[in-house]
1. Identify the single condition in (1) out of contact with any Asp or Glu (no Cβ under 9 Å at 6 or more places or on another chain); (2) open to solvent by 30 Å² or more (accessible area, probe 1.4 Å); (3) farther than 18 Å from Asp117 by Cα; (4) not basic (Lys, Arg) that Leu33 does not satisfy, given that it satisfies every other one.
2. Would you be able to tell me the number of residues in the stretch 1-49 that are in contact with a helix residue (DSSP H, G or I) (Cβ under 9 Å, 6 or more places away or on another chain) and on the phi > 0 side of the Ramachandran plot?
3. Out of the residues in the stretch 50-96 that are surrounded by fewer than 16 Cβ atoms within 10 Å (Cβ to Cβ) and of a type in the set (Ser, Thr, Tyr), state the one that is farthest from Gly129 (Cα to Cα).
4. Among the residues of the stretch 24-50, count how many are under 19 Å from the mean Cα position of the chain (by Cα) and closer than 17 Å to Arg61 by Cα.
5. Given the conditions (1) open to solvent by 70 Å² or more (accessible area, probe 1.4 Å); (2) modelled with pLDDT of 95 or more; (3) in contact with a Leu (Cβ under 9 Å, 6 or more places away or on another chain), which single one is not true for Leu113?
6. Looking only at the stretch 163-174, how many residues end up being more than 12 Å from the chain's Cα centre (by Cα) and in a helix (DSSP H, G or I)?
7. Can we say Val180 is under 30 Å from Leu54 (Cβ atoms) and open to solvent by less than 80 Å² (accessible area, probe 1.4 Å)?
8. Testing Arg177 on (1) under 12 Å from the mean Cα position of the chain (by Cα); (2) assigned to a helix (DSSP H, G or I), one condition comes back false. Which one is that?
Amino acid sequence: MGRPREFDTDATLDKAMRLFWAKGYHDTSIRDLVDRTGVNYYGLYAAFENKHGLLLAALDRYRQTVTADFAGALRAAPPTREGLQAAFDHLFDLLQTEDGQVGCLMCNTAVELAPHDAEVAARVKSHIGWLTALFAEWLGQAGSQDAAQAARAEHLAATVYSSALLLRAGFDRDYLRRHVATAVGDTL
C-alpha cells in the first residue's frame, strides 16, 4: 500500500498549469515544476506518472477552471454584439496572469505539441468542440437557429484561439477588440 498524498492535487495542478501556460511544455523542466508546486519529484511522479501526464492533467484543469470561467461570462452575456464583446473582454483578462500575457494554455499547447502528440491533439479538438457547442448555445439565445449557426459557432471558437495567440504575441487590447468586433460583425 502506497503512502497517502501529502499535497493538495488541485492546488498543485493550478501551479503546474500556470507554469506550463507561461513557459510551454518543452521549456518547463521537472525542476521548475518541483520549485513552483513545492511537491518533490517522487510526489509528482506518483500522482501523474511523468511530466507529460502532469501536462495532460493541467490541460484538464485549465478547462475546468479558466475555460469554465469564460463560459460563465458568455452564458451571462446578453445575446448581442456588446454582450459577446464583454465576454471576450473577460477572456482577455483571464489570459493575462501574473506571468504576463500568456494567451490560452490550450492554444499554446496546440501549437507546441498537437502536431506530434495524439493525446494533446485529442484534448485540443475536444476543447474546440466544447467551445463551439458553447457558442452555438449562446447564438441560440440570440435567436439564431438557421443552418449557418454551426459555422458561426465554429468561427467564434476559432476567434477565441486566434485572439489568444495574438494576445500572447503582444498585441494590445484595442487591437484584440477590433479583431473580435470584425469576427462578431461577420457572425451576428
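1. Of everything listed in (1) out of contact with any Asp or Glu (no Cβ under 9 Å at 6 or more places or on another chain); (2) open to solvent by 30 Å² or more (accessible area, probe 1.4 Å); (3) farther than 18 Å from Asp117 by Cα; (4) not basic (Lys, Arg), Leu33 misses just condition (2).
2. 2
3. So the residue we want is Thr80.
4. Final tally of qualifying residues: 2.
5. Just one mismatch for Leu113, condition (1).
6. Total satisfying the criteria: 5.
7. Against the criterion (under 30 Å from Leu54 (Cβ atoms) and open to solvent by less than 80 Å² (accessible area, probe 1.4 Å)), Val180 does not qualify.
8. (1)
The values are calculated or read from the model by the stated rules, or taken from the named source; none is laboratory data. This one's a predicted model, so the numbers in the text were calculated from it and none came from an experiment. Positions of Cβ are backbone-derived with ideal geometry, glycine not excepted, and every protein chain shown enters the neighbour counts. In case anyone asks, the SASA skips ligands and DNA or RNA and just uses the protein heavy atoms, side chains included. Shrake-Rupley method; radii C 1.70, N 1.55, O 1.52, S 1.80 Å.
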